[in-house]
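The values are calculated or read from the model by the stated rules, or taken from the named source; none is laboratory data. This one's a predicted model, so the numbers in the text were calculated from it and none came from an experiment. Because the Cβ atoms are built from the backbone with ideal geometry, glycine has one as well, and the counts that use them run over all protein chains shown. Remember, those area values only see protein heavy atoms, side chains included, never the ligands or the DNA or RNA. Shrake-Rupley method; radii C 1.70, N 1.55, O 1.52, S 1.80 Å.
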Amino acid sequence: MDANDARFAHMLHLASKRTPDNAAFSPPIVNTSIYALPPDPSGIYQYARWGNPTWTAVEEALGVLEDAEVITFPSGMAAIAAVFYALLKPGDRVLLPADGYYTTRICADKYLAPMGVEVETVATAQLGERDLAGYRLVMIETPSNPALDLADIAAACARVRAAGGISVVDNTTMTPLGQRPLDLGADMVVSADTKALNGHSDVLFGHVAARNADLIGGVRDWRRIVGAIPGPFESWLGHRGLETLEVRFARMCASAQAIAGRLAAHKAVRAVSYPGLPSHPQHALAQRQMTSGGALIGVTLVDKAAAERFIAACALLRPATGFGGVHSSAERRARWGDQVAEGFIRLSVGCEPTEVLWQAIEQALSA
């Protein structure tokens, strides 16, 4: 029996045996700013900035998937910022992926650097060659967004720990079902649950997971004090989307695997980056640390105009920034300043029937 399957089934049935008779299985949306307190305040629900039953439901569910304690946030960037501010102080050095999600670098340059934190970057594929001594925190994003380069999580995290640092893995693209950084030695995981974990493109959400009580405790304290908290309705949406993650992610990854190979053979396509293809330079690493190639495909067409024409012509692609939803989407990433070719498209494969989606993509490429 696959461990991921067992975890997911257990997550689905967290409430099945502990819900009282005649009570709803679905977690309630608790809209409150205050709680009834005894003379000597105790318990987790004392003030709404500190805790909420709807957060508890989604954090418990995510905790089963991560096999770790989870703290939720109103966005993926809020989760990343919480890790930064909870763990870093003036004089610390931090190493970020040069080719990962660009807002992480903007956050560090705009807010951490002026505080006296030394911010450095390294390309994901070159992380294995970098000396990691002296860094308080090393962030790893693999596959990188958007080029889909890989880093060896187990090797990098072991080196970070040996050097006395903290390793943080952004696992947004793969989810706990596609890649398990904590099992591979990472100290912390961050995720933008806005993407595949929710999957319906209708809520901003994020989480931090860790098995080290001191690390996750610092993040929890930062959220409680600063107030970077998710709303109860957003938490309910996150929980609702999470319950279909396994079937959605399996479909998305299987379709992406099939479509990536066909794209690589298409005469209109200059290059394809997909970790599930043998042509990917780190395919062997992908097979070791990922359960599939994922749902994202990097597709390079001849130029900017060709990329824009393709996106506009495909009837089954949403022209949108973001990924991981049930609807396939695509965007030309160079417009955001990513270091990719002008004709590079990040293609997010959704849950459409595979052959119907491929037919629409092929027609758009031929057009």
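At a glance:
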read-out: Choice from Ser26, Ser191, Ser255 with maximal GNM fluctuation in the chain (Cα, 10 Å cutoff); value: Ser26
read-out: Accessible surface, the chain, averaged per residue in Å² (probe 1.4 Å); value: 43
read-out: Rel. contact order, % - alpha carbon contacts under 8 angstrom, at least six apart, the range 23-146; value: 20
read-out: Residues Thr321 and Arg130, FRET efficiency given R0 of 35 Å [Cβ-Cβ distance, rounded to 0.05]; value: 0.75
read-out: Inter-probe distance in nm under a simple model that places probes 7 Å from Cα toward Cβ, at Ser26 and Arg211; value: 3.5
read-out: Entry for mean projected area of the Cα convex hull in nm² (calculated from the structure that is shown) out of (1) 17.6; (2) 22.4; (3) 19.8; value: (3)
read-out: Crossing angle, helix 232-242 versus the chain [Cα axis fit, 0-90 degrees, rounded to tens]; value: 50
read-out: Helix 354-366 axis, angle to the chain major axis (alpha carbon atoms, nearest 10°); value: 50
read-out: Neighbour net charge for Val58 - beta-carbon separation under 11 angstrom, K R +1, D E -1; value: -4
read-out: Gain upon complete extension [Ile106, His283; 0.36 nm per residue less C-alpha separation]; value: 60.7 nm
read-out: Principal-axis tilt of helix 76-87 within the chain, Cα atoms, nearest 10 degrees; value: 60
read-out: Value of relative contact order over the range 264-345, rounded to a whole percent, pairs C-alpha under 8 Å and six or more apart; value: 25
read-out: Whole-percent carbon and sulfur share, accessible surface of the range 101-189, 1.4 Å; value: 52
read-out: Cα principal axis extents for the range 4-96, largest first, Å; value: 56, 45, 21
read-out: Other-chain or far-sequence residues with amide H under 5 Å of Thr121's (modelled H); value: Leu96
read-out: Between the range 53-92 and the range 284-322, the Cα center-to-center distance that results, in Å; value: 29
read-out: Distance between modelled label sites at Arg262 and Lys304, nm, 7 Å Cα→Cβ extension; value: 3.0
read-out: Per-pair calculated FRET efficiency, R0 = 35 Å: Ser366 and Ala162 via Cβ, rounded to 0.05; value: 0.10
